[in-house]
Amino acid sequence: MRFIIGYGLLGYIAFVAIIILGVVVGNILYFNIVKDRISSKRYISFSIGMILNIIICSLLDIAAQYLLYKTFLRYLTNAIDTVVSSFIDLIKLQYILAWFIIPIALVFIYYAILSVLAYMKEYQAWIEWNKKYGDGDEVIDGDPDNNKKKKGFFSSIIPAFKKKELKYELKVNDSELSDIPYTEPLKLMKCSKLSQKGVLQIGKTDKGYVMVVNSKDHENKLKGLIEKFHSVNDITAKMPYIAFFNENELTVDNIKDYGRKILKERRSKK
């Protein structure tokens, strides 16, 4: 195992560096080939890539260890290893605590305090915003006194209770809207391919909006639109799927299942 993990400190460092390199390359292969994709060809390509990655990293490690400890560089490598090892032997636990752990702990405490102060500043800004926009008076029956919002004990202390008084509106930017053929099952398959390529597929219906989802980014977009009105856990269909939604209703169907329903309804009408 020495020719793999090394004979001294520099060999260990080279071994760890090559392992990190292999992990990084493996992550790159995963995110670029198989993440959020279900094609068997992609998994085969990923497997071949990982095998080559392991082989190349192994050969690279063996070459590095050979270069450090079996060539003329071994004299320099052994000298560095000896000096570093002797220095480590002289260091005691209390010095390690004083030189490394205590400064790191102080830095951690410093940034923790900064984080708390930043949170408090943001929290105070939210309180001021809520006072300005969240507690306005509404007149319904013409009597302003009867229609003022009453501040409860908890609402005056914990602004989170005031947040419930805010009214949200489900609205999609017009620039994001397109014509979604939600009554044509075959055309919806084209929409699902466009969504997979990153093209947002969302449009209007008579009752609200329709969206074809075939990527994680577009699913997150849908969840962001409906999270104030519906539970995102209601989205249980597998991609690609079609979602009909407004402020009161949410319906999600797999594209193929939805297409079968449309065709079945057409046959029943005939």
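With Cα atoms as the point set, the radius of gyration and Dmax of segment 174-269 evaluate to 12.7, 38 Å.
3J(HN,Hα) along segment 229-242, derived from phi through the Karplus expression 6.51 cos²θ - 1.76 cosθ + 1.60 where θ = phi - 60°, amounts to 10, 9, 7, 5, 6, 6, 7, 10, 5, 7, 5, x, 9, 10 Hz, with x in place of Gly and Pro. Other residues lying with their Cβ under 15 Å from the Cβ of G203 contribute a combined charge of +1, Lys and Arg counting +1, Asp and Glu -1.
Solvent-free Debye calculation, one equal scatterer per alpha-carbon of segment 2-90: log10 I(q)/I(0) at 0.13, 0.16, 0.21, 0.26 Å⁻¹ equals -0.55, -0.69, -0.92, -1.17. Across segment 45-54, rounded Karplus estimates of 3J(HN,Hα) from the backbone phi angles (6.51 cos²θ - 1.76 cosθ + 1.60, θ = phi - 60°) give 4, 5, 5, 5, x, 5, 4, 5, 4, 5 Hz, Gly and Pro being marked x. Annotation for segment 189-220: trypsin sites (Lys or Arg not before Pro) lying in DSSP loop with at most 13 further Cβ atoms inside 10 Å of their Cβ are K197, K207.
Just so you know, all these numbers are worked out from the coordinates, no wet-lab data involved. Remember, it's a predicted structure, so these values are computed and weren't measured experimentally. Here Cβ is always computed from backbone atoms with ideal geometry, including for glycine, and neighbour counts include all displayed protein chains.
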